[in-house]
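Working notes, beginning with the structure itself.
Derivation of every value follows stated rules applied to the coordinates shown; laboratory data play no part. Keep in mind that this is a model prediction, so the values were computed, not measured. All Cβ positions, glycine included, derive from the backbone under ideal geometry; neighbour counts span all protein chains shown.
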Amino acid sequence: MSALDFARTNNLDIFVLGEGANILISDAGFDGLVIKPKLNKLKILDVQKYQENLQSLESKNYLAPEVLVQAGAGVNFGELIDFCLNNNLLGLEEFSGIPGSVGGSVYINIHFFEFLLSQFLVSAEVIERQTGKILTVDNSWFEFGYDQSKLQTHQYYLISATFKLKLADSLTAAFAKGRAHEIRRYRAHRYPNKNTCGSFFRNFRAHEVKLQINQKPMIYAAYYLDKLGFKGSLRIGDAQVSHQHANMLVNLGSASSQNLIDLARQMQQQVYANFEIMLQPECLLIGFKESQLI
Ligand SMILES: Cc1cc2nc3c(=O)[nH]c(=O)nc-3n(C[C@H](O)[C@H](O)[C@H](O)COP(=O)(O)OP(=O)(O)OC[C@H]3O[C@@H](n4cnc5c(N)ncnc54)[C@H](O)[C@@H]3O)c2cc1C
């Protein structure tokens, strides 16, 4: 709260940083105050009920009660998943291997295949930028969509989020741990794990594309980029399209942010020239004075 006051008093722009997994910062830096919230509390709400339910479940009295877990915005998402699995709480393991904090993950409503984080979030505490007031809000307040949440108005910052998870017996929890491990392995093989901000462009909305495959609109940005053969080959300076994933750009060593932007612009132009659709960034561009992409 005092950091927000300081920024307001000194008329500074604010950037709230999670783990920096989904951002590209301009070569000129960010002109303002960067706040990295150290909100690292992680707890099961109503522990007594949780323990009673777990005992009943292990003795097979009944099935899958739900449990609430509250996580501070600064908690690493992987740690949250491990905490849940170690307490027999299932659901979030679908997001295993996605880098970032709880704050950054709620901001973009992380997704993996059909799973969206908003399917698990029941309530949250947010701080209002203008007033410093702390509000308790429910899922609908966020107006979640694919890659969307109300945090993107930059008028509110996440303090904590509460997730509703399924309590399981130990055997089921062991299977879920195995699944988390498999997803991490799959991702390590499919995606670059460093010097990248993940998917650079967002997938299309169904109404934005003409191409249909098996009577379904082809919404995946990587599909179009792959068709153009960019994977592992298109490069500007040390900025290159990953050899593992056509929608991920990697810094091979000394790429500037401008190199990455120039590469992304070239990808936009070529996709437009070939498919008449315009890629839009998913990666957040921080500190750039004007829009760098088309
Ligand atoms: C290799 C790789 C793979 C990825 N795979 C996926 C994937 O499969 N699915 C997916 O959805 N994403 C994926 N991503 C994107 C990324 O992991 C998510 O966007 C992540 O949740 C970002 O979290 P962060 O803490 O690093 O946020 P940052 O990158 O630090 O910030 C992102 C945005 O969140 C805002 N923010 C951070 N904390 C708060 C807060 N407390 N309150 C309000 N706003 C806040 C920041 O201001 C910024 O605007 C991937 C990224 C990488 C690098």
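Points worth noting:
- Test for Asn195: is it within 14 Å of the ligand (Cβ to nearest atom) and touching a Leu at 6+ places or on another chain (Cβ under 7 Å): no
- Residue in the range 119-139 that is assigned to a helix (DSSP H, G or I) and among the hydroxyl-bearing types (Ser, Thr, Tyr) present: no
- Filter result for Ala264 (touching a helix residue (DSSP H, G or I) at 6+ places or on another chain (Cβ under 8 Å) and surrounded by 19 or more Cβ atoms within 10 Å (Cβ to Cβ)): no
- Selection of the range 221-250 for residues being hydroxyl-bearing (Ser, Thr, Tyr) and surrounded by 17 or more Cβ atoms within 10 Å (Cβ to Cβ) yields Tyr223, Tyr224, Ser242.
- Residue match in the range 46-63 (condition: of a type in the set (Gly, Ala, Ser) and surrounded by 17 or more Cβ atoms within 10 Å (Cβ to Cβ)): no
- Filtered by the rule that a residue be within 12 Å of the ligand (Cβ to nearest atom) and either among the aromatic types (Phe, Trp, Tyr) or at positive phi (or both), the range 1-31 gives Phe15, Gly20, Phe30.
- Residue within the range 3-21 that is more than 30 Å from Thr131 (Cβ to Cβ) and either of a type in the set (Val, Ile, Thr) or over 13 Å from the mean Cα position of the chain (by Cα) (or both) present: no
- Selection within the range 241-294 - part of a strand (DSSP E or B) and touching a Pro at 6+ places or on another chain (Cβ under 8 Å): Met248, Val250
- One residue stands out in the range 143-155 among those that are part of a helix (DSSP H, G or I) and within 15 Å of the chain's Cα centre (by Cα): the one that is surrounded by the most Cβ atoms within 10 Å (Cβ to Cβ), namely Leu151.
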